[in-house]
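In what follows, a single structure is set out as structure tokens and then discussed.
The values are calculated or read from the model by the stated rules, or taken from the named source; none is laboratory data. Keep in mind that this is a model prediction, so the values were computed, not measured. Here Cβ is always computed from backbone atoms with ideal geometry, including for glycine, and neighbour counts include all displayed protein chains.
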Amino acid sequence: MAPGQKSGPALFLGLELATDQLRASIVDESLELVGVECVDFDSELPEYQCVSFSPISSPSRSGFANSSTLASHHCPFGRTQGGIFTTPGDAYTTPVDMWVKALDFLLEKLARNHDVTRIKAIGGCAQYAVVWWKSTPIPSFPALDPRLPLHSQLPPNTFSLANTPVAQDTSAHTHALALEALLGGPDHMAARVGTCANASLLAAQLLRVRESWTSDVWSRTGKIQLASTFIASMIVGEWVNVGEAEACATGMWSHVAGQVSQGHWDEGVLEIIGGSREEGRRIRGWLGEVDFTSGRKTANLSRYICERYGFEPDTIVTPFTSDYLSAYLSICPSPGDAVLSFGPMDTLMTPAQHYVPTRLYCLFPHPAQDPNEKRRYIAMLTSRNADVPRALVRDMYTKSWSAFDRLVAIVPPGGSIGLDDKLFSFWLLQPDSYPLSHVKGIYRFETGIKVNEFRDLRANPRCLLESQVLSFRVRWSRMVSTGVLGSNVTRNRGNVQAQSPSPAALVSSGQNTRAASLGLSFDPYDFSPLPTRVLVTGAAANFPSVANLVGDVFNASVFMPNTQVDSAQVVPHRNAPAAGFPSRASLGGAYLARWIWGKDRTSIVGGSSAGRGLGGFEEEIRRLHGKRWVASGCTLLRTNVNAPVGGNPGSGANSGTSTPYGARSGLGSTVFVEEEEDEEEEMERSRGGLLAPASVFAGGFADRDLGRDIGRVRTLPGSVDALSSGGSSGMQSSTFTASDLTPGRVSPGGNGGPIATSVPQAASLTPVTALPTSDAEAQIGLAKVAEADVDAFMTYAAIVPEYCRLEGMLCKSLV
């Protein structure tokens, strides 16, 4: 990209440290996209792709890389894939040195391709990970020479743990459960530190390092930082304190509801982690102070960054936060909305009015609010079993994402058209959050009975997705019953006005006759407490069948950012945006930088209308979008900068296109129930073209009998691979493929000769496209991708009681 104009209006930079890339998005004062840059770890940092020794023998007994070895070797684990090292077991780590070098590269790109003197404020975010600093550069941040790059001044031996666990790491799950037990159980832990046990807790990671690692790692540590504050410190040139929203995710912070600057690190929890009161105080020193001023600037840009890359010294740096919270900010949800993000971990977030911590959800202070504002919060539901099960089911039962999408689209709700023979599956491959924190394995149920495999294998993709989405729908209803979202949870759908009961009434299930008769704490047929809109992001949402499934389960319209809709047309099956497209998390950082800069500018000019930024974050972002919408003549926001028409999807590592198991393994062959010989012959005959275009499933139903409007979902692809049990090299593979629906692909040979078949080619995935969208959504960059369907909702409402019964059996270890 040619360098931008060297003078002009103010620009705002947002950074995102993701698992696979370091990304940057630049917007102007009206939030119009101006520039996009990124550094891809796998392709642009080849020194981390070397193969030096076996990953099986290199990890220590804790599963992490040995830090002393990493000090002298860039990639002792073998190689990064998607920016992380994977090892046998539950350990997922990434080299901190790679982040430092990527920041060098990204800043060079920004200085080369853009006029960085116009950048007035920088915001950002990062994946949830921890940086372990050695005690050598403590307490002052290391002095940096502008003549040298960052990575030459901060080598791997600067860190006591050179390879740090990332969010996908679950190796500390047992330590999290142990900590939860010591605090009195999930309810007591949530009331004390705002969250119950999960493997990502910093508290659990600290406990694991102390108990499982050699003592030198612990003794050499002088400071720990979350990845977001680490990146902020790198560009500020001094230690940056963690924000309260992220402190609440550590499992060590005690938040005081409704009061600013009143929270504190829980000394009792720190003592448990450290093993003694003295070590607990030491951890307290590592953590540092907490920044409560999320609506104000953190500091100015460092002299090092300004002198080396040409930024202006008065460029301000705003608070950095977690990537999921930053993506939430970029979408600007309204009360009653749900933000559903598909990825390595699926999350569902929504605005919350009150601080009511329970084990049912995680709760964070809003990361963009002034101290004088009424305290606002964000409630979050999570699921670790997300992209990995989806990719594994893709590998086991289909040959492509297009086949996966088609099967989800044409199989009826519950995997069967009958009312009493619905299919359910729970793919719990990793330790998950409550209520499934103690459950692990693959469970399938047919007619209420546990089975090893469904009779119709083609039901697996849909049943998996239904289980994932229904889990969020059920947990949402349980969350609403606590009153955390406030009393105003009504919805108005056309001619139907539904008034939600008060939180107190919702808590008492005895007042709800239908819910009580079903054995539930909520009425599954009442959609009024459910979100008004579902705003989706992530690769799985690019599938039309998934978007429609979400709309059906929640009976809500589904919206997607235009940036993702357009990016999906280039690369539909990656969580990472296509080249030239911004990530939502980096946009959130840029939006926060714009908001805080506007507030500061307003105070400087004495409260005049120039640089207005007086409202709350969402209010101001909507105002800026609306102003641009009017000034541009109702033109949609720019979604990319010099993006290619086509694109190379790349490896897709850690983005849902491949699993941590690497290449397709023989796992599927160990799960399948062998088909009877006559069934195999029948399937083979169907490959010869005997299968009708209306695919008939076990149970005797066809497309026209599914009870769904297939045309509403999308136009189905011309050909699809229906079933595949992937086998590794040298292992027998049993593959069943549905006939191609396009004429001419299978033709009999002349004079009774052998049948000649062309090599089947998987149809490319047809991603979602925008439906007619109102101006209110279009001007803030959202596009409708699925409609609500009350009939489909009622179908799923009938499934909810059985789903909850089976989930309860799993939690109680009754199956």
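Sort out which residues of the range 369-395 are surrounded by 22 or more Cβ atoms within 10 Å (Cβ to Cβ), touching a Ser or Thr at 6+ places or on another chain (Cβ under 6 Å) and over 30 Å from Arg296 (Cα atoms), and write them in order of number.
Ala391, Leu392
One residue is enough: does the range 527-542 have a residue meeting the conditions over 25 Å from the mean Cα position of the chain (by Cα), in the same structural domain as Val800 (by TED's automatic domain parsing) and either modelled with pLDDT under 95 or surrounded by fewer than 19 Cβ atoms within 10 Å (Cβ to Cβ) (or both)? Spell out how you get there, then give the answer.
Applying the first criterion (over 25 Å from the mean Cα position of the chain (by Cα)) to the range 527-542 yields 527-528.
From the residues that got through so far, the ones that are in the same structural domain as Val800 (by TED's automatic domain parsing) too are 527-528.
Subsequent filtering for residues that are either modelled with pLDDT under 95 or surrounded by fewer than 19 Cβ atoms within 10 Å (Cβ to Cβ) (or both) retains 527-528.
Looking for residues that are over 25 Å from the mean Cα position of the chain (by Cα), in the same structural domain as Val800 (by TED's automatic domain parsing) and either modelled with pLDDT under 95 or surrounded by fewer than 19 Cβ atoms within 10 Å (Cβ to Cβ) (or both), one finds at least one in the range 527-542, hence yes.
Within the group Arg284, Arg308, Arg296, which residue is surrounded by fewer than 22 Cβ atoms within 10 Å (Cβ to Cβ) and in contact with a Phe, Trp or Tyr (Cβ under 6 Å, 6 or more places away or on another chain)?
Answer to the selection: Arg284.
For Arg444, indicate whether it is farther than 21 Å from Met380 by Cβ, at pLDDT below 85 and in contact with a Leu (Cβ under 9 Å, 6 or more places away or on another chain). Break it down stepwise before answering.
Numbers: farther than 21 Å from Met380 by Cβ: yes; at pLDDT below 85: no; in contact with a Leu (Cβ under 9 Å, 6 or more places away or on another chain): yes.
Judged against the criteria, Arg444 is not a match.
Listed here are the residues, each with its yes/no results for (1) under 20 Å from Phe554 (Cβ atoms); (2) crowded, with 23+ Cβ neighbours inside 10 Å.
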site: Pro412; (1), (2): yes, no
site: Pro431; (1), (2): no, yes
site: Leu436; (1), (2): no, no
site: Lys440; (1), (2): no, no
site: Asn452; (1), (2): no, no
site: Glu466; (1), (2): yes, yes
site: Val474; (1), (2): yes, no
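Could you check the range 344-368 and list, in sequence order, the residues that are assigned to a strand (DSSP E or B), surrounded by fewer than 24 Cβ atoms within 10 Å (Cβ to Cβ) and among the β-branched types (Val, Ile, Thr)?
Once the filter is applied, which keeps residues that are assigned to a strand (DSSP E or B), surrounded by fewer than 24 Cβ atoms within 10 Å (Cβ to Cβ) and among the β-branched types (Val, Ile, Thr), the range 344-368 yields only Thr347.
Could you check the range 405-496 for strands (runs of 3 or more DSSP E) lying wholly inside it with 2 or more residues that are within 27 Å of the chain's Cα centre (by Cα)? First the steps, then the outcome.
Numbers: elements: 423-428, 441-446, 449-451, 491-493.
Where strands (runs of 3 or more DSSP E) fall fully within the range 405-496 and carry at least 2 residues being within 27 Å of the chain's Cα centre (by Cα), they are 423-428, 441-446.
Taking the range 129-166 on its own, how many of its residues are surrounded by 23 or more Cβ atoms within 10 Å (Cβ to Cβ), assigned to a loop (DSSP other than H, G, I, E, B) and at pLDDT 90 or above?
1
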